[in-house]
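Below is one structure, written out as structure tokens; the observations come after it.
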Amino acid sequence: MKILVTGKGGREHALITALSESPQKHDLFVYPGSDAIATMATRVDVAGLPELITWMTQNGIDLCVAGEEALLVKDTGLSNLCSEAGIPCWGPRKEIAQLEASKTFAKKFLKRHGIPTADFTICTNAAEAKAALTEMPIVLKFDGLAAGKGVAVCTAKDEAEAFVDEVMEKRCFGAGDLLVEKCLIGPEISIFVSVCDESYQILMPARDYKRIRDNDQGPNTGGMGAVASLELAEPELMQRIEHEIVQPTVQGILKDGLKYRGFLYFGLMLTSTGPQVIEYNCRFGDPEAEAVLPMLRGDFATYALEAAKGNLQPDLIQFAPGWSICLISASAGYPASSRNGDVISGLETVSGARIYHCGTKRNSSGQFETNGGRVLAVVAQGATRVEAREKAYVESAKITFDGLQRRSDIGKMHFE
Ligand code: AMP
Ligand code: GLY
């Protein structure tokens, strides 16, 4: 089978690795990919989405797997265009990918279907947003894609007002509404579900660490590490999540006359009154994918193909027992900025852990160097959380580059 994955980061590196570990060998392609992913999949070099669809048709691609979200809502939508071209796509159509692309769409969906989520006000200008700052702490969310940076959890009013000015006056993320949302308290969990029309399968849960520094200090990032295990949530909690959140979401999509095929990521807050939805993402999490996918067993390629065709077969995959821990190494300046061009050393000395490249490129001497905010994910597994954590830190420490930032409490904080 010929499979093309869209995206270029650590999640896509992990997805392509998992596809390559399916029992049969498949021809793997990636768009746009990265120098590191190019060692396992052929990069497709085309100008944009319409050209990609033409390329897939001409080259007989059997399955398209959506890694990152951007193409799902670009132009007519990756999945919509694949469908017109007769190419099965594991990734949702543009109409329902709004669950991620538009936070107001998601909030209205949650409310309409009675799914637990924080109370909110949708504000169209700075004055409205400032008037809605009636309690602290408060959460402000830009309604659009902002690479994980459009959300501010504010404890003080002047901080909240400054964020409102950045987003609604200076328009640092472009045009869009601002959601002012009640702040929920509790641990977070990421739930991944394969949704295929009216069928679904809940995958291994994970937890990510969004703040840049230890003890959840500093600004939010795309994710500085992740922990995954079937033991992460008790069966009773998973049942509650399934009944109160996953089932009503799957049914809500159908009630709205839409269909969803692909990974659906539920970002949940486990509050004292029960789990509540913080966000939906129409893809796998990053860096959660890097932690979860090494635990996947079975035939992922056939699973994704069948599910993309409307035939979800849960028995085709299983998840290993134990724990998986992913540590992100980020570049200097992240998340406010990122520094490119710092040469990475020690990659070849890592053993007993997987390395997924999030933001690297090869320089003219063939060495990998930083090329983005999140640079590398080092992932290790163990029978226990402590074992996985130790392995991940030992292996990750072998990698260095100037300005490297790495949290030291991944897999520890929230557990001890
Ligand atoms: P989002 O992009 O909506 O996932 O938000 C990013 C992060 O902001 C979440 O992972 C939470 O850590 C935090 N957050 C978002 N919404 C809330 C909320 N209502 N209450 C508390 N924290 C939140
Ligand atoms: N781990 C957060 C995200 O993928 O959005």
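Only the coordinates and a few stated rules stand behind these numbers; no lab work does. Everything quoted here is computed from the prediction, not taken from an experiment. When we count neighbours, we look across all protein chains shown, and the Cβ atoms used for this are built from the backbone with ideal geometry, even at glycine.
Tabulated results
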quantity: Full-stretch length increase - GLU416, THR349 - with 0.36 nm per residue and alpha-carbon distance subtracted; calculated: 21.1 nm
quantity: Virtual spin-label span in nm between THR273 and MET40, 7 Å along Cα→Cβ; calculated: 4.4 nm
quantity: Extreme residue, positive dipole direction of the range 1-146, given options CYS82, ILE3, PHE29 (C-beta unit charges); calculated: CYS82
quantity: Cut-off 13 Å between beta-carbons: net charge of the residues surrounding LYS25, Lys and Arg +1, Asp and Glu -1; calculated: -2
quantity: Contact order relative to length of the range 214-343, as percent, for alpha carbon pairs under 8 angstrom and 6 or more apart; calculated: 33 percent
quantity: Projected label distance in nm at GLU128 and LYS108, using a 7 Å step from Cα toward the beta-carbon; calculated: 1.2 nm
quantity: Electrostatic dipole magnitude of the chain [Cβ: Lys, Arg +1; Asp, Glu -1; Cα centre; debye, to 20]; calculated: 280 debye
quantity: Dipole of the chain [Lys/Arg +1, Asp/Glu -1 at C-beta], most positive-end residue of ALA106, ILE328, GLY257; calculated: ILE328
quantity: Candidates GLN318, GLN24, GLN251: whichever shows maximal mean-square fluctuation once the chain is modelled as a Gaussian network with Cα springs under 10 Å; calculated: GLN24
quantity: Relative contact order of the chain, pairs being alpha-carbon contacts under 8 Å that are 6 or more residues apart, as %; calculated: 16 percent
quantity: Computed [θ] at 222 nm, deg cm²/dmol, the chain (DSSP H ≥ 4; -39,500 (n - 2.57); rounded to nearest 500); calculated: -7000 deg cm²/dmol
quantity: Dipole magnitude (debye, nearest 20) for the range 73-213, charges at Cβ of Lys, Arg, Asp, Glu; calculated: 200 debye
quantity: Among ILE410, PRO314, VAL350 the positive-end extreme of the charge dipole of the range 311-415 (Cβ point charges); calculated: ILE410
quantity: Computed magnitude of the charge dipole of the range 1-150 (debye, nearest 20; Cβ of K, R +1, Cβ of D, E -1); calculated: 420 debye
quantity: DSSP bridge orientation in the chain - percent antiparallel, rounded to nearest 5; calculated: 80 percent
